[in-house]
Amino acid sequence: FQVKLAQETHLHELSVRHPPSVLRVENPHLGPKSGEEAQHFYSRWSTPNLQAMRTENLIPVPFSGAKSLTTLEIHLDFQHYSQKVGSFYPTALATFLSSCPVLEQLALKIKNCYTAIVHLRAAKVELPSMTSVTLCFEFCSRGVAISLLDLIHFPAVQTIATAFTLEERKAIDVEYDGNIMETVLSYYEAYPKLTRLFLTVRVFECCLFT
């Protein structure tokens with residue numbers, strides 16, 4: 001499909017929602033695929049006033065509006081269908097975040113994810129403008145959290161809210177790889193400006209997002 005707007009828009013907020021099936025087949029390292037342009041239709045727009053963006057089951061690609069973004073919220077639900085298990089690509093997220101020079105607030109929810117694919121040559125991304133980070137790991141492996149926090153660093157962050165859903169999903173055959181909560185908290189020691197930390201542990205859904 002195609003979404004046509006004027007050459008330059010006055011959008012301040014943008015929300016893009018896709019079904020979890022998009023994440024099952026996505027692999028940014030393989031390059032553009034058929035239908036990918038439709039998923040990232042917004043990338044063709046000129047949005048110089050864009051301040052907030054929210055996506056579901058989509059890691060955005062760099063576009064003109066990223067330069068003015070101050071708030072970003074991303075929900076990724078890697079639902080499991082038979083043997084078709086989606087993988088998290090932190091490099092794709094790091095690439096987009098590096099195109100957001102004034103981003104102040106990031107909220108990221110990762111759900112039903114047990115595999116992360118890390119590019120061996122990926123360089124750590126520093127986000128000096130980020131002051132507030134919200135992370136929710138809902139039924140995720142420790143490796144997924146490590147792949148994210150190894151690659152993306154928030155040196156000026158002042159507030160972090162983190163939620164974990166730790167109930168074991170016995171229906172999914174996944175080998176236990178360690179305590180995700182303990183691992184994530186160990187990374188926060190590297191943030192000297194952190195003054196506010198909020199932790200939530202649940203057995204069902206993450207409560208940091210509506």
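Modelled label positions at TYR188 and SER129, each set 7 Å beyond Cα in the direction of Cβ, lie 2.5 nm from each other. Listed peptides 183-190, 134-141 appear in the order 134-141, 183-190 once ranked by packing, highest mean of other Cβ atoms within 10 Å at the front. Applying 0.36 nm per residue to the separation of VAL118 and ALA38 and subtracting their alpha-carbon distance, the gain on full extension is 26.3 nm.
When you count the other C-beta atoms within 10 angstrom of each residue and take the mean per peptide, 107-114, 156-163, 195-202 line up highest first as 107-114, 156-163, 195-202.
For PHE198 and LYS67, a Förster radius of 45 Å and the Cβ-Cβ distance give a FRET efficiency of 0.90, rounded to the nearest 0.05. Here segment 50-151 has an Rg and Dmax of 13.4, 41 Å, counting Cα atoms alone. Working note: Karplus 6.51/-1.76/1.60 with θ = phi - 60° gives segment 192-197 the couplings x, 8, 5, 10, 9, 10 Hz, where Gly and Pro are set to x.
A cut-off of 5 Å between modelled amide H atoms, ignoring neighbours fewer than 5 places along the same chain, links SER129 with no other residue. The stretch between GLN79 and ARG17 holds 20.8 nm of extra length on full extension. This uses 0.36 nm per residue minus the Cα-Cα distance. A simple charge model with +1 on the Cβ of Lys and Arg, -1 on the Cβ of Asp and Glu and nothing else charged puts the dipole of segment 55-157 at about 240 debye relative to its Cα centre.
Any read-out appearing in this document is the output of simple, stated calculations on the displayed coordinates, not a laboratory observation. Just so it is clear, the structure is predicted and the values come from calculations on it, not from any experiment. Cβ coordinates were reconstructed from backbone atoms using ideal geometry, including for glycine residues, and neighbour counts include every protein chain displayed.
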